[in-house]
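Accompanying notes for the structure given below.
The values are calculated or read from the model by the stated rules, or taken from the named source; none is laboratory data. What you see is a predicted model, and the numbers here were worked out from it, not measured in a lab. Because the Cβ atoms are built from the backbone with ideal geometry, glycine has one as well, and the counts that use them run over all protein chains shown.
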Amino acid sequence: MNNKFLNKVADRLVKETRIESNGVYTPFFISPISLSLYIPISPLPLPSPFFPPFSSSSSSFFLPFYKHCRDVYGLNEEEVDYVWKEYGNIILDKIDNQDYNKYIEEEVKDWSYMKIPYLKHLGKEDGWYRVGPLARLNTCDFIPSPLAQKEFEIYKAYTNGKPNNMCLHTHWARLIEILHCAELMKELLLDPDLQKDDLLAKGKKGNEGVGIIEAPRGTLFHHYAINEDDTIKMANLIVSTTNNNKPMNNSVNFVAKKLMNGQAEITEGMMNACEVAIRAYDPCLSCATHAMGKMPLEVKLYNHKDELIDEKMV
């Protein structure tokens with residue numbers, strides 16, 4: 001393959017593509033493509049129609065791309081597959097951090113201090129998503145350290161390469177990430193750049209900024225705006241626990257319906273099962289709700305007449 005030419009084709013396709021809040025406009029698709037094909041969505045505990053981003057297995061998306069590359073650039077199937085992957089990687093990086101609020105909305109519920117984020121174009125019911133170890137391992141192609149990569153291959157084989165929607169496998173995914181971190185720590189300790197005196201990053205001051213990073217629990221959104229006297233006039237944080245609010249509630253709901261339907265009282269086992277579902281997401285409720293102190297777990301049991309028949313708190 002002539003990779004130099006194929007890279008030019010990928011660059012050309014990127015230039016002909018634009019990303020807007022209602023979808024992605026491309027030269028090979030007549031109507032805008034839903035951003036759900038670009039942004040991985042893998043809800044729990046229910047199965048998801050998620051396809052890996054830019055996988056030829058999502059034929060409704062890949063086929064027009066293939067025909068366009070074949071007819072316009074004369075590429076064969078192997079060459080199209082190469083361009084497809086290059087194009088996908090570049091497009092994903094083109095979504096600017098500063099525009100996160102064009103794609104994500106935050107819903108407020110009267111029963112919680114924590115907001116529920118969702119993807120605007122999919123709406124409140126279908127637009128929720130998950131972040132953290134399970135989401136990361138569902139969307140990555142490989143892990144760039146040998147021991148973690150070996151474990152990652154075993155992990156992927158468990159679901160035959162398909163996305164893993166098993167809530168408690170978050171712990172498995174987290175262990176693989178910890179192994180990867182340990183391998184990288186060994187490399188970083190030998191990195192001469194870390195022995196230098198460049199400890200402070202400098203840049204042009206701005207009045208507003210957005211930072212998005214991956215933390216152990218998941219994705220963090222930090223959005224700040226300041227006044228002329230450098231005091232903060234606006235701050236919006238979507239921390240990992242907030243991002244996982246909806247799937248975490250869905251997991252607890254799943255456990256509650258499985259164990260508590262038809263029961264007259266709440267047992268310690270039921271409480272433990274609910275806590276297991278919550279712990280899988282490794283939540284920091286103090287961060288998400290801006291509250292201090294112990295966050296108690298309170299469970300109330302209602303009958304079919306919506307009458308409270310039992311409650312427990314730990």
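Structural remarks
- Of all residues in the range 237-268, those being assigned to a helix (DSSP H, G or I) and under 14 Å from the mean Cα position of the chain (by Cα) number 8.
- Looking at Tyr103, Tyr118, just one residue is out of contact with any His (no Cβ under 7 Å at 6 or more places or on another chain) and at pLDDT 90 or above, and that residue is Tyr118.
- Highlighted here are the helices (runs of 4 or more DSSP H) found entirely within the range 132-236 that include at least 2 residues which are farther than 21 Å from Ile104 by Cβ: 146-158, 169-189.
- Checklist (1) exposed (fewer than 14 other Cβ atoms within 10 Å of the Cβ); (2) among the hydroxyl-bearing types (Ser, Thr, Tyr); (3) over 23 Å from Tyr281 (Cα atoms) applied to Thr159, failing item: (3)
- The residues of the range 220-266 that are in contact with a Lys or Arg (Cβ under 8 Å, 6 or more places away or on another chain) and of a type in the set (Ser, Thr, Tyr), listed by number, are Ser240, Thr241, Thr242.
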